[in-house]
1. When the expected Rg is taken as 2.2 N^0.38 Å, what fraction or multiple of it is the alpha-carbon Rg of segment 1-73?
2. To the nearest 0.05, how large is the calculated FRET efficiency for LYS64 and LYS43 if R₀ is 22 Å and r is the Cβ-Cβ distance?
3. Relative contact order for segment 59-121 using alpha-carbon pairs under 8 Å, separation at least 6, rounded to a whole percent?
4. Given a 1.4 Å probe, how much area per residue of segment 30-118 is accessible, in Å²?
5. How large is ³J(HN,Hα) for each residue in segment 56-63, as worked out from phi by the Karplus curve 6.51 cos²θ - 1.76 cosθ + 1.60 (θ = phi - 60°), to whole Hz, x for Gly and Pro?
6. How are the Cα pair distances of segment 25-121 distributed, in percent, across 10 Å bins from 0?
7. Work out the length of the dipole vector of segment 1-61 about its Cα centre, built from +1 on the beta-carbon of each Lys and Arg and -1 on the beta-carbon of each Asp and Glu, and round it to the nearest 20 debye.
8. What whole number of Å gives the distance from the Cα centroid of segment 1-39 to the Cα centroid of segment 72-116?
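The values are calculated or read from the model by the stated rules, or taken from the named source; none is laboratory data. Owing to the predicted nature of the structure, the values given are computational and were not obtained by experimental measurement. Glycine gets a Cβ as well: all are built from the backbone with ideal geometry, and neighbour counts include every protein chain shown. Surface accessibility is based on the protein's heavy atoms, side chains included, excluding ligands, DNA and RNA. Shrake-Rupley method; radii C 1.70, N 1.55, O 1.52, S 1.80 Å.
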Amino acid sequence: QVQLEESGGGLVQPGGSLRLSCVASGNIFSIDLMGWYRQAPGKQRELVATITSGSITNYADSVKGRLTVSRDNAKNTVYLQMNSLEVEDTAVYFCYTTVRASGSRYFHPYWGQGTQVTVSA
């Protein structure tokens, strides 16, 4: 089994910054994709940013230039640096990863529990 532990959410004023972290642990042989999704009240979960094991990134248009995804493969950790935050960024942010467990031939998706980010004056 694989566990994802997120941290770094909180309350911030518009224009402020936050850094989210997510550590994967458990039965891990290798990790392919890591990233973040978010879900605002009354809305569907949406992609924020992802990063492959080869450091290829993908961003939602609404966050390009403000949010940056990165990863530390040695620590099985993915980060989301959020700058110039807007009220519209308020949501629960979920860590996402695809993991190949020891003894398995396939990668499986895993989700974190979510961390609240609130942008408000």
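1. Output field value: 1.20.
2. 0.70
3. 28 percent
4. Numbers: 4700 Å² over 89 residues.
Each residue of segment 30-118 exposes 53 Å² on average to a 1.4 Å probe.
5. For segment 56-63, the Karplus-derived couplings read 7, 10, 9, 10, 5, 4, 5, 10 Hz, x marking Gly and Pro.
6. Percent of Cα pairs in each bin: 15, 47, 28, 9, 1.
7. Values: 4 positive and 5 negative charges, 31 e Å.
Around 140 debye, computed over segment 1-61.
8. 4 Å
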